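Written out below as structure tokens is the structure these notes cover.
The values are calculated or read from the model by the stated rules, or taken from the named source; none is laboratory data. Small disclaimer: the values here were computed from a predicted structure and weren't measured. Positions of Cβ are generated from backbone atoms using ideal geometry, with glycine treated the same way; all protein chains shown enter the neighbour counts. Surface areas here come from the heavy atoms of the whole protein model, side chains and all, with no ligands, DNA or RNA. Shrake-Rupley method; radii C 1.70, N 1.55, O 1.52, S 1.80 Å.
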Amino acid sequence: MTPVIRIQREDFDLAAEIAAISAGRRDIGAVVSFTGLCRDEGATLAALELEHYPGMAEAEIARVAAQAAARWPLMGLLAIHRYGLVKPGDQIVLVIATSAHRRAAFEAADFMMDYLKTRAPFWKREHLADGTVGGWVEAKQEDDDAAARWT
């Protein structure tokens with residue numbers, strides 16, 4: 001099983017991605033997906049700008065996906081992360097893990113999201129509803145605490 005990693009500007013279709021990762025596989029017993037959305041806390045956000053280093057981001061995410069594949073008996077693993085401007089309510093990230101049994105799929109998807117939230121080389125900057133551009137979003141301690149359980 002080779003994990004699929006995509007960094008893309010365009011949106012993604014959850015149903016199409018699940019169909020693609022499970023096509024022709026009668027041995028899959030669990031498909032776990034997580035979709036992260038752009039949220040607007042306080043109705044002040046017009047958009048979130050997501051930046052990354054092309055090549056480096058894919059390689060880093062692929063490295064962690066390989067760790068997940070070595071740790072759990074997965075049949076498929078997909079991670080999509082968007083870049084560019086996304087508006088509140090838009091999809092930002094998708095992780096899909098497939099396995100014969102649910103626990104492995106749940107844990108692998110959770111592991112991948114904890115990594116994507118804390119260590120993936122992405123930067124986020126707020127574009128505010130009043131037309132100003134805010135600062136770069138700082139990492140949150142609770143995300144680091146969640147990721148620490150995997151080490």
Choice from LEU94, LEU128, LEU78 with maximal GNM fluctuation in the chain (Cα, 10 Å cutoff): LEU128
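Suppose every Lys and Arg Cβ carries +1 and every Asp and Glu Cβ carries -1, with no other charges. What dipole size does segment 27-151 come out with about its Cα centre, to the nearest 20 debye? Don't skip to the answer; put the middle values down first.
Numbers: 13 positive and 18 negative charges, 80 e Å.
Its charge dipole is roughly 380 debye.
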Picking from ASP13, ASP110, ASP90, which is most flexible by a Gaussian network model of the chain using Cα springs under 10 Å? ASP13
As a test of the formula, what do you get for the chain when each DSSP H run with n ≥ 4 contributes -39,500 (n - 2.57) and the sum is divided by the residue count, at 222 nm and rounded to the nearest 500 deg cm²/dmol? -10500 deg cm²/dmol
Simple SL model, points at 7 angstrom along Cα→Cβ for ARG119 and ALA146; separation in nm is 1.6
GluC sites (Glu not before Pro) restricted to segment 40-141 and DSSP loop, no more than 12 other C-beta within 10 Å: GLU41, GLU138
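If Lys and Arg each add +1 and Asp and Glu each add -1, what is the summed charge of the other residues whose beta carbon sits under 11 Å from the beta carbon of VAL32? Could you put the intermediate results ahead of the total?
Details: positive: ARG102, ARG103; negative: GLU107, ASP110.
Net local charge, VAL32 excluded: 0.
Which percent, to the nearest 5, of DSSP beta bridges fully inside the chain are antiparallel?
Counting only bridges with both partners in the chain, antiparallel ones make up about 85 percent.
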Cleavage-rule hits (trypsin sites (Lys or Arg not before Pro)) in segment 1-66: DSSP loop, at most 15 neighbouring Cβ within 10 angstrom: ARG9, ARG25, ARG26, ARG39
Which whole-Hz couplings ³J(HN,Hα) result when phi for each residue of segment 28-35 is put into the Karplus expression 6.51 cos²θ - 1.76 cosθ + 1.60, θ = phi - 60°, listed in order with x for Gly and Pro? 6, x, 8, 10, 10, 10, 10, 10
Quick one: which residues, 5+ away or cross-chain, put their amide H under 5 Å from the amide H of ALA129? H built at 1.01 Å from N. LEU45, ALA46
GNM of the chain, Cα pairs under 10 angstrom: of ALA97, ALA79, ALA16, the biggest fluctuation goes to ALA16
LYS87: which lysines have alpha carbons under 20 Å from its alpha carbon, excluding same-chain residues fewer than 8 sequence positions away? LYS117, LYS124
Specify the inter-centroid distance of segment 38-104 and segment 117-151, based on alpha-carbon positions, in whole Å. 13
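Please calculate how many Å² of accessible area the chain carries per residue, with a 1.4 Å probe and no DNA, RNA or ligand atoms counted. Don't skip to the answer; put the middle values down first.
On the way: 8260 Å² over 151 residues.
For the chain, the solvent-accessible area averages 55 Å² per residue.
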